[in-house]
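Since the structure comes first, as structure tokens, the remarks are kept for the end.
The values are calculated or read from the model by the stated rules, or taken from the named source; none is laboratory data. Keep in mind that what you see is a predicted model, and the values were worked out from it rather than measured. Using ideal geometry, Cβ is built from the backbone for each residue, glycine included, and neighbour counts are taken over all protein chains shown.
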Amino acid sequence: MSVDKTNNRAVRFDAEDLLRMNRVLRHRLGNFISGIKTSMSLVSQELKDIAPPEVSEYFPLIIKECCLLEELTKRMNLVFDDIQMGGVAPVKHVLEKTLKEIKAWSPSADIRVEAGDEISSIKVDGDSALSSALSEIVKNACEAAPRGSVHVKVISENNWVKFKIVDSGAGVPEGDLEKIFLPFYTTKSKHLGIGLTIARRLLAIAGGNVSAFSGEGKGFYLEVAVPVRA
């Protein structure tokens with residue numbers, strides 16, 4: 001909200017104005033980050049044999065921070081911008097796509113998938129949105145679980161496919177289960193807290209949903225449900 005000084009009245013921005021300004025700011029931020037990263041890469045090459053070691057060690061650190069900011073900007077796009085849902089695909093394909101992304105993110109992640117033979121023939125809509133949502137959820141579970149060990153169980157039930165993602169981490173108080181989907185809510189230090197917000201939005205686009213439940217003793221699990229393609 002801003003103030004029109006000519007008549008001292010408040011000027012209110014509608015949702016479309018705010019989204020447009022948000023998009024422009026993120027685009028400009030991305031350009032700044034890219035410029036700093038490129039400049040630092042060039043400087044590090046120019047001074048590779050000249051700068052003392054105590055100075056050179058800062059170059060990769062700065063570039064790494066720029067990469068993290070780039071990744072953050074891309075993920076913010078998933079919070080605000082239009083998202084491509086994707087087409088129809090077998091559940092097996094969605095799982096393979098998800099696991100490939102998880103392994104690229106963390107090669108040491110220990111993901112155990114349990115799915116019956118009937119799952120391979122079932123198809124769902126929105127494979128891109130669904131695989132991206134599952135990736136966000138599984139990554140979140142890996143970060144919470146000791147040694148990154150996560151169990152994914154897939155079942156078919158009443159024309160729905162359900163993915164149960166279980167970790168054995170510290171868990172979330174039962175009264176706070178719904179809060180985990182709120183933007184910027186996190187129980188982990190140095191985390192932004194938008195992964196599960198993104199996942200819920202992606203699943204809504206794919207016609208599905210996600211719910212959180214307390215685990216038995218410790219940890220908690222998320223259940224993703226998407227309709228079967230008729």
Seminar exercise, completed: Checked ARG112, ARG28 against criteria (charged (D, E, K, R) and in a strand (DSSP E or B)); the one match is ARG112
Exercise. Before we move on, is SER128 at pLDDT 90 or above and either among the hydrophobic types (A, V, I, L, M, F, W, C) or in a helix (DSSP H, G or I) (or both)?
Worked result: yes
For this session: Restricting attention to strands (runs of 3 or more DSSP E) lying wholly within the range 135-230, give those where 1 or more residues are in contact with a Lys or Arg (Cβ under 8 Å, 6 or more places away or on another chain), over 30 Å from GLY87 (Cβ atoms) and without any contact (Cβ under 8 Å) to a residue 60 or more places away in the chain.
Result: 149-157
Seminar exercise, completed: Only one of SER56, SER108, SER39, SER44 is more than 25 Å from HIS191 (Cα to Cα), hydroxyl-bearing (Ser, Thr, Tyr) and either under 17 Å from the mean Cα position of the chain (by Cα) or surrounded by fewer than 14 Cβ atoms within 10 Å (Cβ to Cβ) (or both), namely SER39
For this session: Please find, within the range 70-91, the residue that is nearest to LEU25 (Cα to Cα) out of those that are buried (at least 16 other Cβ atoms within 10 Å of the Cβ) and modelled with pLDDT of 85 or more.
Result: GLY86
Exercise. Of these, LYS92, LYS103, which one is assigned to a helix (DSSP H, G or I), closer than 27 Å to VAL166 by Cα and free of Cβ contacts under 8 Å to residues at least 12 places away in the same chain?
Worked result: LYS103
